[in-house]
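**Student:** Following this message is one structure expressed as structure tokens.
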Amino acid sequence: MHKKFSAALAGTGIVLATSGCGLLFGGGGGGGAAGGPMSDLNPVDLIAEAVNNTESVDSYTATMEMGGSMSGVSLDMNSDIEYTATPEPTVKMESTSNGTSSTILMRGSEMVMQSDMPGAAPGGPEWLRMDLSQMGEQGGNAGAQDPLAEVEKLMAANDVQEEGSADVNGVETTRYSGTYSTEEALQELDPEAQEAARQVYDQSGVSEVSFEVFVDGDGLPRRVTTDAGGTVTSSIDFTSFNEPVDVEWPSEDQIGDFDSMMDDMMGDLPETGDVPSY
């Protein structure tokens, strides 16, 4: 369940960034001062334990910024992300890319996207149902990250140093820095997310990623930053864990079919022979 969201959001973020159109993180959610039982672990083991902790929280909120470009296309994007496990695992992702805003909701195998995209027919449905498998395929063409995938990749780190304490959004944390091999990081991901990430790394020629992670006293990451060789950078702030999150899913009469909308839009275009030549 966790990794299905991870794979789909990776693809979703990429499409948003290039087109302009569980993430489930046991520990408590308060985030006290850095220290406690986890401070007895060496840095590599502590980061691994933080990854394990983040995979079992009941809810979270996060902000994500990415930057960079791929094949001359800007990947700059800002997102606000909410996740709740109840009444069933649901994710909301509001993003802005290249001046265009969008909202994506995911629940189980469903994903819907607000339909106020350029070219959408006026008076059409407010939301469009997307095919997750198709989003995954498109996601392989560029390089966005999502919170869970970026945390999971840290399991591949074998070079980690403690860098002192730091305040992250009012929470005291311990800062760690390190690197991981892209090939080893791929092995930590679900196959679908792995495919998307592999294409990013292959296109950019990146074999190693540098990172910083800021861990609170409950052993949860409050900030994760990555730099893939200067090609793609990301910064994720987890602003809350295990706090109430309410994501409202639209009713069926508010949802249309994305493929049908695209077929209608393509049908309105003139045939090649109808386009006048000058």
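The values are calculated or read from the model by the stated rules, or taken from the named source; none is laboratory data. Computed from a prediction, not measured in an experiment: that's the story for all the values here. FYI the Cβ positions are ideal-geometry reconstructions off the backbone, even for glycines, and counts take in every protein chain you see. SASA here: full protein model, heavy atoms, side chains in, ligands and nucleic acids out. Shrake-Rupley method; radii C 1.70, N 1.55, O 1.52, S 1.80 Å.
**Student:** Condition (residue is modelled with pLDDT under 85, under 19 Å from the mean Cα position of the chain (by Cα) and in a loop (DSSP other than H, G, I, E, B)) applied to the range 213-220: is it met by at least one residue? Talk me through it step by step, then tell me what you get.
**Tutor:** Taking the range 213-220 and keeping what is modelled with pLDDT under 85, we get none.
Taking every residue of the range 213-220 in turn, none turns out to be modelled with pLDDT under 85, under 19 Å from the mean Cα position of the chain (by Cα) and in a loop (DSSP other than H, G, I, E, B).
**Student:** What about residue 185, is it within 30 Å of residue 110 (Cβ to Cβ) and either at pLDDT below 75 or of a type outside the set (A, V, I, L, M) (or both)?
**Tutor:** On the way: within 30 Å of residue 110 (Cβ to Cβ): yes; either at pLDDT below 75 or of a type outside the set (A, V, I, L, M) (or both): no.
In short, no.
**Student:** In addition: Can you go through 70, 113 and tell me which one is crowded, with 16+ Cβ neighbours inside 10 Å and closer than 21 Å to residue 197 by Cβ?
**Tutor:** On the way: 113 fails: closer than 21 Å to residue 197 by Cβ.
After applying the criteria, what remains is 70.
**Student:** Taking the condition polar (S, T, N, Q), in contact with a helix residue (DSSP H, G or I) (Cβ under 8 Å, 6 or more places away or on another chain) and open to solvent by 40 Å² or more (accessible area, probe 1.4 Å), does residue 234 pass? Let's see the steps before the verdict.
**Tutor:** On the way: polar (S, T, N, Q): yes; in contact with a helix residue (DSSP H, G or I) (Cβ under 8 Å, 6 or more places away or on another chain): yes; open to solvent by 40 Å² or more (accessible area, probe 1.4 Å): no.
When the stated conditions are applied, residue 234 does not pass them.
**Student:** Please specify each residue of the range 15-45 satisfying the condition of being open to solvent by less than 10 Å² (accessible area, probe 1.4 Å), farther than 18 Å from residue 83 by Cβ and either at pLDDT 85 or above or assigned to a loop (DSSP other than H, G, I, E, B) (or both). Spell out the reasoning first.
**Tutor:** Pass one, the range 15-45, residues open to solvent by less than 10 Å² (accessible area, probe 1.4 Å): 16-17, 20, 22-23, 25.
Checking the rest, the ones that are also farther than 18 Å from residue 83 by Cβ come to 17, 20.
Matches in the range 15-45: 20 only.
**Student:** Got at least one residue in the range 240-258 being more than 23 Å from residue 109 (Cα to Cα) and part of a strand (DSSP E or B)?
**Tutor:** yes
**Student:** Another question about this same structure. Taking the residues in the range 241-260 that are surrounded by 12 or more Cβ atoms within 10 Å (Cβ to Cβ) and within 16 Å of residue 103 (Cβ to Cβ) as candidates, determine which candidate is modelled with the lowest pLDDT.
**Tutor:** If we filter the range 241-260 for residues that are surrounded by 12 or more Cβ atoms within 10 Å (Cβ to Cβ), which is where we start, we get 241-243, 245, 247, 249-250, 254-260.
Next, only the ones that are within 16 Å of residue 103 (Cβ to Cβ) stay: 245, 247, 249-250, 254-256, 258.
Values: 245: 94, 247: 93, 249: 93, 250: 93, 254: 91, 255: 92, 256: 89, 258: 71.
This residue is 258.
**Student:** Filter the range 183-206 down to residues that are surrounded by fewer than 21 Cβ atoms within 10 Å (Cβ to Cβ) and assigned to a loop (DSSP other than H, G, I, E, B), then give me how many there are.
**Tutor:** Step one: filter the range 183-206 for residues surrounded by fewer than 21 Cβ atoms within 10 Å (Cβ to Cβ), giving 183-184, 186-188, 190-191, 194-195, 198-199, 202-206.
The next check asks that each one be assigned to a loop (DSSP other than H, G, I, E, B); those that pass are 187-188, 190, 205-206.
Number of matching residues: 5.
**Student:** Can you tell me which of (1) under 28 Å from residue 70 (Cβ atoms); (2) at pLDDT 90 or above; (3) part of a helix (DSSP H, G or I) is the one residue 224 doesn't meet?
**Tutor:** Result: residue 224 passes all but (3).
**Student:** Could you list, in sequence order, the residues of the range 49-67 that are more than 16 Å from residue 216 (Cβ to Cβ) and crowded, with 23+ Cβ neighbours inside 10 Å?
**Tutor:** The answer is 64, 66.
**Student:** Identify, from the list 196, 142, the residue that is hydrophobic (A, V, I, L, M, F, W, C), modelled with pLDDT under 85, touching a strand residue (DSSP E or B) at 6+ places or on another chain (Cβ under 8 Å) and farther than 16 Å from residue 224 by Cβ.
**Tutor:** Values: 196 fails: touching a strand residue (DSSP E or B) at 6+ places or on another chain (Cβ under 8 Å).
142 is the lone residue from the list that is hydrophobic (A, V, I, L, M, F, W, C), modelled with pLDDT under 85, touching a strand residue (DSSP E or B) at 6+ places or on another chain (Cβ under 8 Å) and farther than 16 Å from residue 224 by Cβ.
**Student:** Residue 165 passes all but one of (1) part of a strand (DSSP E or B); (2) closer than 21 Å to residue 238 by Cα; (3) touching a helix residue (DSSP H, G or I) at 6+ places or on another chain (Cβ under 6 Å); which number fails?
**Tutor:** Result: residue 165 fails condition (3) only.
**Student:** Can you name every residue in the range 73-91 that is buried (at least 20 other Cβ atoms within 10 Å of the Cβ) and among the hydrophobic types (A, V, I, L, M, F, W, C)?
**Tutor:** Hits for the range 73-91 are 75, 77, 81, 91.
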